[in-house]
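K.L.:
Have a look at this one.
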Amino acid sequence: DPLTFALPAYLAELIVSEDLSVIGKPSDTRAWQTVFKSLRPYGGTACLELAGDEFKQLSATITDKGFPRASLKQSDEFVLLSRSGALPGSADWTHEYGDASNTLMSRDELVKAPLGVLWFGGPAGHGDLFYNRTYWGPSMAVIEGRMFLQGLGKLTAVDVYTGRIIWQIPLKETPENNPGRLGNDFEDKIAGHHFLAVKDGVYLVNSKKTCLRIDPATGKTLAEFTLPNPEDDWGRIRVHGDLLLVSAFGISKKMGEKFGRLPLELVAMDRRSGKVVWTHQAEMSFPVVALSGDRIYAFDGAMENFYSHWKRRGQVPETLDERYITAIDADTGKQLWKHQTELVGSWLSYSSKNDVLLVSNRKTISAFRGNDGSELWKKYATGRGFRGHPERPDHMGHPENLWDKIIISNDQVLDQRGPGMAYELETGKPILRTNPITGKPISWEFTKLGHHCNYAIASPHLMTFRAGSAGYCDIDSANTSRLEGFRSGCRNSLIPANGVLNSPNMAHGCECGYSLFTSLGLVHVPDAEFWSYSALEIDPTKDRVQRLGINLGAPGDRQAKNGTLWLDHPSVGGSSPVVSIAMDGEDLRYFNQHSAFVQAGELKWVAASGVEGANSLTVSLAPAPSKPRSYTVRLHFLEPNDNQAKQRVFDVHLQGQRVLNEFDVIKAAKGSNRAIVREFKGIQASTSLKIDLKAITGRTLLAGVEIISAE
């Protein structure tokens, strides 16, 4: 039955049917939403035989909000129901660092936690599509349902929604390093070609002297461009409107051979014809450039070993004293302003919304007004990585990928260099949030645990990175979660775009003990299970608990929609706030199952785990005695075993007062694996809350406790 057999979303370019009776009437909104759900964005079509009256009924049905960007038309005796264009709220990822402004920020609103698998494996996961991860080859581009992947001697277009290979073309590998590619040169090889993708063209530097414009739909070459000076080499490329902007590399007459080939000139050409529009010469060189709106921003200086990540090891590069920050008119190439600076800009990014230019390296972040170059603020904050990352001077892992890069997320700066702070883009002041346990304002901070060899990127809801396995931080809560079983690449290969968290197999070549080395597409699945850890702390000598959840036997922390942060007890899922919890009982037995097995009830992910055999549970609420406060206490229960009524019966006391008499979970919940909650208001407590469980028949049982102050 196609209505009950849950086909994946966005699967089909074409749906046909011999018998539409299983779908029901055209007025049945839910049934037709099931059909529409499986249509691929950008033109997926259901070709169905419907009569004239049925066409009118279906036309009325698809006006419902459950049919975003649906179109309906008649073609002879058939009706064509199509999903036109992009998913509402989705966005493309055009350049290696997200866009020409280097924001490291996706605009995709659809990718958020929790996540579930849309597709995995198949030809798109095959290792020969990718460079060995140790070379840190180019990241991907994602536009209009196609993901473009670069590997040794090939460029591949993959369907974002199914993992199907759309086309593949050979690429000529040159023995020379690709000028301007930031990569791992420990074997004297910087792998990959500069490339980007926009709606009507994939631009790829095919060799040192040419750039191809490729049809995104077919892989056919549409044009081939050369630089005006045949002695120059193509460097990093960017697109601005109708312009293709190129950093042209050559040997500086001013500095000689010491710094090697440098990006001495910016060349703007018509991105369809290749005709040169303007050129702009650097005083020294343009190693980092950000482009947005009508302006180009550049750091103008000469940095030693800037492109040699393995040699530089994340440190601020040695730089000649003569250096500038400059703005250039994108349409004419004329200089708008230019300021001499003591800064060393190994990273440059720009917010067009706020007109703020950020210049950073491992040790500093500086902000300037894009219009005139006036300094807004400066912060001395040394990137130092995160817990779980090797940081000995002789073995720092791979900090070179993350210690200068910062993320522009709407009106904020996400400092993913470690520690993971956030600042106001306009002022540099720390971003504050509310501590969910104490209710006090605290600095926003995230963390990640485990080896993390790539840099983070962000979207409106998530920041993605490697933290041992693949992982992400929920930006609203600052909680970090793992996508267990697989790791991302040494370039970030967790890209939120086109409504999907795209995760191609850029870990290819890794010999570590991960279960999965394949490509995946992940989408938001509201009922999927996920767990987290965080940098959140509370001070047991000062702080009072205002709101807290204790999730007994859970594999990690998780924040509920009502704001309660549920802590795992015992703590097994990673760093989390330390709250004093004392458990008493003989032969305590914790249980845990997936919440999908919970058949009914509230907060299934709380009820899915618990403890048997506890006699008491005491939770510290405040460091010193004070006037008792009123709390609401919610107790969560679930019978995990196939028991019968009266096999497990117990009393429950709060603060010495009996609140449940001869409580039988099976009887109250009307069966096993069914969640049930009992709420008690007006419970008085000063420094602690004590729950006593007294067995009458069998062993006691408790899944979770939620405590909320009424004051």
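The values are calculated or read from the model by the stated rules, or taken from the named source; none is laboratory data. Just so it is clear, the model here is predicted, and its values are computed rather than measured. So basically every Cβ, Gly included, is an ideal-geometry build from the backbone, and we count neighbours across all protein chains shown.
K.L.:
Against the condition loosely packed, with under 15 Cβ neighbours inside 10 Å, outside the structural domain of W119 (by TED's automatic domain parsing) and not polar (S, T, N, Q), how does E49 come out, does it pass?
P.N.:
Yes: the conditions hold for E49.
K.L.:
Does any residue in region 147-171 that is farther than 12 Å from L129 by Cβ and surrounded by 23 or more Cβ atoms within 10 Å (Cβ to Cβ) come within less than 6 Å, Cβ to Cβ, of a residue that is modelled with pLDDT of 95 or more and of a type in the set (F, W, Y) six or more places away or on a different chain, and which pairs are these?
P.N.:
Y161/Y10
K.L.:
If you go through region 452-471 one residue at a time, do you hit one that is β-branched (V, I, T), assigned to a loop (DSSP other than H, G, I, E, B) and surrounded by 18 or more Cβ atoms within 10 Å (Cβ to Cβ)?
P.N.:
no
K.L.:
For region 319-356, give me the residue count where each residue is part of a loop (DSSP other than H, G, I, E, B) and under 33 Å from the mean Cα position of the chain (by Cα).
P.N.:
Residues flagged as part of a loop (DSSP other than H, G, I, E, B) and under 33 Å from the mean Cα position of the chain (by Cα) within region 319-356 amount to 9.
K.L.:
Is it the case that region 16-33 has a residue that's surrounded by 12 or more Cβ atoms within 10 Å (Cβ to Cβ), small (G, A, S), on the phi < 0 side of the Ramachandran plot and in contact with a Lys or Arg (Cβ under 6 Å, 6 or more places away or on another chain)?
P.N.:
Scanning region 16-33 turns up no residue that is surrounded by 12 or more Cβ atoms within 10 Å (Cβ to Cβ), small (G, A, S), on the phi < 0 side of the Ramachandran plot and in contact with a Lys or Arg (Cβ under 6 Å, 6 or more places away or on another chain).
K.L.:
Continuing with this model, one more query. Can you tell which of N498, N492, N479, N502 is of a type in the set (S, T, N, Q) and touching a helix residue (DSSP H, G or I) at 6+ places or on another chain (Cβ under 9 Å)?
P.N.:
Sole residue among the options that is of a type in the set (S, T, N, Q) and touching a helix residue (DSSP H, G or I) at 6+ places or on another chain (Cβ under 9 Å): N492.
K.L.:
The conditions are (1) crowded, with 20+ Cβ neighbours inside 10 Å; (2) of a type in the set (D, E); (3) free of Cβ contacts under 8 Å to residues at least 24 places away in the same chain, and D321 fails exactly one of them. Which is it?
P.N.:
(1)
K.L.:
Is it the case, given these coordinates, that K112 is of a type outside the set (V, I, T), in contact (Cβ under 8 Å) with a residue 12 or more places away in the chain and surrounded by fewer than 16 Cβ atoms within 10 Å (Cβ to Cβ)?
P.N.:
So K112 fails the test.
K.L.:
Hey, another quick one. Considering only residues that are over 24 Å from G85 (Cα atoms) and in a loop (DSSP other than H, G, I, E, B), which ones fall in region 51-70?
P.N.:
A51
K.L.:
Is there a residue in region 115-126 that is within 19 Å of C490 (Cα to Cα) and surrounded by fewer than 17 Cβ atoms within 10 Å (Cβ to Cβ)?
P.N.:
Checking region 115-126: at least one residue is within 19 Å of C490 (Cα to Cα) and surrounded by fewer than 17 Cβ atoms within 10 Å (Cβ to Cβ).
K.L.:
Would you check if there is a residue in region 534-541 being of a type in the set (V, I, T) and buried (at least 20 other Cβ atoms within 10 Å of the Cβ)?
P.N.:
no
K.L.:
Further, regarding this structure: With the condition kept exactly as written, say whether any residue in region 572-592 is in a strand (DSSP E or B), in contact with a helix residue (DSSP H, G or I) (Cβ under 9 Å, 6 or more places away or on another chain) and within 23 Å of N673 (Cα to Cα).
P.N.:
no
K.L.:
Tell me, yes or no, whether region 522-541 has at least one residue that is of a type outside the set (S, T, N, Q) and within 20 Å of G151 (Cα to Cα).
P.N.:
No, every residue in region 522-541 fails to be of a type outside the set (S, T, N, Q) and within 20 Å of G151 (Cα to Cα).
K.L.:
Considering only residues that are in contact (Cβ under 8 Å) with a residue 40 or more places away in the chain and touching a Lys or Arg at 6+ places or on another chain (Cβ under 9 Å), which ones fall in region 34-57?
P.N.:
Passing the criteria: F36, L39, R40, P41, Y42, G43.
K.L.:
Name the residue that is nearest to G137 (Cα to Cα), counting only residues in region 307-326 that are out of contact with any helix residue (DSSP H, G or I) (no Cβ under 8 Å at 6 or more places or on another chain) and among the aromatic types (F, W, Y).
P.N.:
The extreme case among them is Y307.
K.L.:
May I ask you to list the residues in region 423-441 that are more than 23 Å from the chain's Cα centre (by Cα) and of a type outside the set (S, T, N, Q)?
P.N.:
E426, G428, K429, I437, G439, K440, P441
K.L.:
Would you point out which residue out of V111, V117 is in a loop (DSSP other than H, G, I, E, B) and either out of contact with any Cys (no Cβ under 6 Å at 6 or more places or on another chain) or closer than 28 Å to W531 by Cβ (or both)?
P.N.:
Selected residue: V111, the only one of V111, V117 that is in a loop (DSSP other than H, G, I, E, B) and either out of contact with any Cys (no Cβ under 6 Å at 6 or more places or on another chain) or closer than 28 Å to W531 by Cβ (or both).
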